[in-house]
Amino acid sequence: KQIHVCTSTDCGGKGSSALLKDLEDLCAGGGVDVQASTCLNHCGKGPNVQIVAKGKANKIVEKIDSFKAADKLLKTEVGIEVKKLHKQVGEIKYDIRRTKAADERKDKLQKAFKALGGEDKAVSQEPRMASQLLVMRSREVVAKSASDAMQDAQRATELCPDAASAFIALSMALEKLGKWAEALQAADAAVEKGDIREGTSLQRRLKDKVKEQDAADAKKKADEEAEEAKKKAEVEAEQRKKEEAERKRKAAAEAKKKAAEAKKKAEADAKKKAEEEAARQKAEEEEAERQRLKEEEEKAKAEAEAKAKAEEEERLKKEEEARRQAEEEQERQREEARRRAEAEAAEKAARKAEIEEARRVYEASVQGKLNKLFGCCRPPDGLGPGEEDSEAPVKFVA
């Protein structure tokens, strides 16, 4: 598992940097990696931490603003049960990191050692906790007594060789003593053991100082060597003076020879380069011409294919239009014939109806009246005397 402690502006202002060290100490040796983190986007509710566990969703826990809250976090979220003695000392260290007065911090450090039965007992029975307290004391006194700070830090690294914080304290003490190279080695060790944040900061600062020291040492050595060389030169000057003329003569002759050879070689190289350049340009031009002809051929082929496709599409379009027009003409002719047939049939039916109506009217009016007037007609078969069938045909009897 991992614990990411937000050290951005808001949480940093609420003591998250100190909380980071508290959790590092409490989780030391427990298989939990405690790291500084950028903003967790829960500002105003800090200090905030994020629990990262394999196979589980990340969880952000807010307001870890007391030792009790830190202890609860480890127990409920990480599964670390802090022992009673460790918890007692851990709470003292929590207070130390938040106490502003130096004297009070020193008193509380002594109180922490006392809780472990004294410094010697703590070293023998609780080496990791003793190492942590020695680191805190080293950082506390480094400004005033770098030698004492170095002794505490050195002892802390011996008690707990895997503690990055011990090597950070050692690096700071060595830096104060002006031992830049040794301090850089300690900072490198801290980074290797996991303290990236403080370790890299120390590395950058110390590398610059080591470079400055190396430059100063190199300058001193160079000055000494220059002085020695000057003396040696003075002793050998007379002998070299005699040899110098001959050396210069030979050097001039050799230089002249080399210059001639260099000139000849340069001319040959220039000629070869010019020939190669001409050949390259010719090859490029030929390739460009081949590419142009190929592109023109492809373009002509594409245009021919496009033209043929367009002509085929136009032909198909005209054929489709002609077929559609023929079908429409056939449909129009069929519709016209149907309408004409219907009109002729209607006309015949109307004429027939007129004829029938005229016949009926005539028979009903003229012949009926004649029968009544002359009484010379015999009623149709099946009618009794005085009965008439106006619809029956009129029969005249001579």
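The values are calculated or read from the model by the stated rules, or taken from the named source; none is laboratory data. Treat the numbers as computed from the prediction; the structure is a model and nothing was measured. Every residue, glycine as well, gets a Cβ built from its backbone with ideal geometry; the counts of neighbours run over all protein chains shown. Areas reflect the complete protein model, heavy atoms only, side chains present, ligands, DNA and RNA absent. Shrake-Rupley method; radii C 1.70, N 1.55, O 1.52, S 1.80 Å.
General observations
- Condition check for Cys11: modelled with pLDDT under 90, closer than 17 Å to Tyr94 by Cα and not basic (Lys, Arg): no
- Across the range 1-31, the qualifying residues are those that are open to solvent by less than 60 Å² (accessible area, probe 1.4 Å) and hydroxyl-bearing (Ser, Thr, Tyr), and the one among them that is nearest to Pro127 (Cα to Cα) is Ser17.
- Evaluated against (1) in contact (Cβ under 8 Å) with a residue 24 or more places away in the chain; (2) within 30 Å of Ser17 (Cα to Cα), Gln213 falls short on exactly one condition, (2).
- The test for being in contact with a strand residue (DSSP E or B) (Cβ under 7 Å, 6 or more places away or on another chain) and either of a type in the set (D, E, K, R) or not in a helix (DSSP H, G or I) (or both) does not hold for Arg205.
- Verdict on Asn58 being under 17 Å from Ala36 (Cα atoms), touching a strand residue (DSSP E or B) at 6+ places or on another chain (Cβ under 7 Å) and open to solvent by 20 Å² or more (accessible area, probe 1.4 Å): yes
- Filter result for the condition that a residue is over 58 Å from the mean Cα position of the chain (by Cα), of a type outside the set (Lys, Arg), surrounded by 10 or more Cβ atoms within 10 Å (Cβ to Cβ) and assigned to a helix (DSSP H, G or I), over Glu320, Glu236, Glu303, Glu311: Glu236
- Any hit, the range 32-43, residues being part of a helix (DSSP H, G or I), open to solvent by less than 50 Å² (accessible area, probe 1.4 Å) and over 25 Å from Ala122 (Cβ atoms): no
- Screening Lys220 with (1) farther than 30 Å from Ala187 by Cα; (2) modelled with pLDDT of 85 or more; (3) not aliphatic (A, V, I, L, M) gives one miss only, at (1).
- Only residues that are in a helix (DSSP H, G or I), open to solvent by less than 30 Å² (accessible area, probe 1.4 Å) and within 21 Å of Lys1 (Cα to Cα) were counted across the range 70-89, and they come to 5.
- Test result for Ala226, aliphatic (A, V, I, L, M), open to solvent by 50 Å² or more (accessible area, probe 1.4 Å) and either out of contact with any Leu (no Cβ under 7 Å at 6 or more places or on another chain) or on the phi > 0 side of the Ramachandran plot (or both): yes
- Annotation note: of Arg105, Arg98, the sole residue that is open to solvent by 80 Å² or more (accessible area, probe 1.4 Å) and either touching a residue at least 24 places away in the same chain (Cβ under 8 Å) or under 40 Å from the mean Cα position of the chain (by Cα) (or both) is Arg98.
- The range 174-189 residues that are of a type in the set (D, E, K, R), paired with ones that are buried (at least 17 other Cβ atoms within 10 Å of the Cβ) and not in a helix (DSSP H, G or I) (beta carbon under 7 Å, 6 or more apart): Lys176/Val142
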